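Derivation of every value follows stated rules applied to the coordinates shown; laboratory data play no part. The model shown is predicted, which means the values in this text are computed figures rather than measured ones. All Cβ positions, glycine included, derive from the backbone under ideal geometry; neighbour counts span all protein chains shown.
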Amino acid sequence: MAFSTKTRKILVALLITGWSLALIYYFFQLPAIKHSLKTKQLYYNNRLLMGTFWQVSSPNKQAATIVFSEASRIEQLLSKYIATSEISQLNRLGKLKVSPDTFYIIKKSIEFHDKTFKAFDITVGPLIDLWGFTTQEFQVPTDDKIRDTLKLVGSDKIILHGNDNVVEFKIPGMKIDLGAIAKGYALDCAVKKLKEHGINNCLINAGGQVYALGDKFGKNWKIAIQGRNKLEIIGALELKDKSASTSGNYEQFFLKGGRLYCHIIDPRTGYPANNQITSATVITDKGITADALSTAIFVLDKDSQKQLIKEFPETQIKIY
Ligand code: AMP
Ligand code: MG
């Protein structure tokens, strides 16, 4: 391509100016870059969101604000404790046109229900109410009450109208509870927003649901798995670009007649999961998958756990 002398001069001038600006920017930034690498400074921030304590650690000062704003947006859509949330409205009305986020998480939840031998089921809402976990007024219901309530349970009783994002219940009185998957989804949304802002290193811990984005100054993020006693550490993980989710029977439970009844319910029987394990941790790429699968693993017996692990070969599972 031939350029006139004048155009050539302009192009050369532009190139020189561009390079000069880049060099000036680099030299001005250099002390800050050197300082952050030398001091290896992390910013720590905490916030109570989605009923749990969120902790954000990142070398980037803006990371926490981005994470908290995404978690708060998801909480306003999905929390059954917020009267104006889409889930509360759907639970009251039995049919609702919802946002793409809410539609997506319900659709994914139904897929997890199908893949987990029905152990993962967001329609456990009426059972969670019956056992008193919603109000913390615990009770052991009669077998008749459980049998009646089970009629309202089953993700196959949710109708999805994909063309206009409408969710509908087949039976009046059904209720969705996204407590086992919403935090994992919120982690994924937060990570997406962080990446959009060019932030590639951040550790988010949302009360047992973790996302380790990138690394900590070149090393994997280190995570401890808590035991029943909050000071007891029962496992340790090193993560990079992975989510880890732990479901346990020590988070919410009550004791009656020498038995422990926990907040994770087997939707096939209507009774709290009781398979002699303390916790299940799932490590995988997506928060939504880790969260849903750790709840399902906690419900399933050993044989079904093994089968499920085969279905998700890219996941790592630890049972304590
Ligand atoms: P997680 O701590 O992620 O295992 O979630 C537990 C929460 O999910 C409970 O507090 C209930 O709100 C809800 N939940 C309980 N049992 C189930 C289940 N089998 N499937 C889906 N959600 C459940
Ligand atoms: Mg879960």
Take the chain, mark every one of the trypsin sites (Lys or Arg not before Pro) that falls in a DSSP loop and has at most 16 other Cβ within 10 Å, then report the longest stretch left between them, sites excluded.
62-150
Once you put a point 7 Å from the Cα of Y104 and another 7 Å from the Cα of N163, both along the Cβ direction, what distance in nm separates them?
2.3
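Please arrange S57, S155 by how many other C-beta atoms lie within 10 Å of their C-beta, fewest to most.
By the 10 Å Cβ count, ascending: S57, S155.
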Which of the lysines could a cross-linker span from K170 if the Cα-Cα distance has to be under 16 Å and same-chain partners fewer than 8 positions apart are dropped?
K95, K97, K107, K151, K157
Please give the residues of region 243-265, grouped as numeric ranges, whose backbone N is less than 16 Å from a label point set 7 Å along the Cα-to-Cβ vector of F138.
248-265
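With an 8 Å Cα cut-off and a minimum separation of 6 or more residues, compute the relative contact order for the chain in percent.
Numbers: 540 pairs, mean separation 52.1, N = 320.
Relative contact order, the chain: 16 percent.
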Want the number for I82 to K145: 0.36 nm per residue separation, take away the alpha-carbon distance, what's left?
20.0 nm
Using a Förster distance of 35 Å, how high is the FRET efficiency between R259 and F312, based on the Cβ-Cβ distance and rounded to 0.05?
0.65
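Sum -39500 (n - 2.57) across every DSSP H segment of at least 4 residues in the chain, then divide by the residue count to get the 222 nm mean residue ellipticity, nearest 500.
On the way: 9 runs with 127 residues, N = 320.
Helices in the chain give a 222 nm mean residue ellipticity of -13000 deg cm²/dmol.
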Expected max-MSF residue from V167, V153, V191 in the GNM of the chain (alpha carbon, under 10 Å) is V167
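Among S245, S99, S109, what is the fewest-to-most ranking by other Cβ atoms within 10 Å? Each step should come with its number before you reach the end.
Values: S245 29, S99 12, S109 24.
Going from least to most buried by this count: S99, S109, S245.
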Can you give the FRET efficiency for K193 and D303, using 1/(1 + (r/R0)^6), R0 = 41 Å, r = Cβ-Cβ distance, to the nearest 0.05?
0.55
Subtracting the Cα-Cα distance from 0.36 nm times the residue separation, let me have the gained length for N45 to I233 in nm, one decimal.
65.4 nm
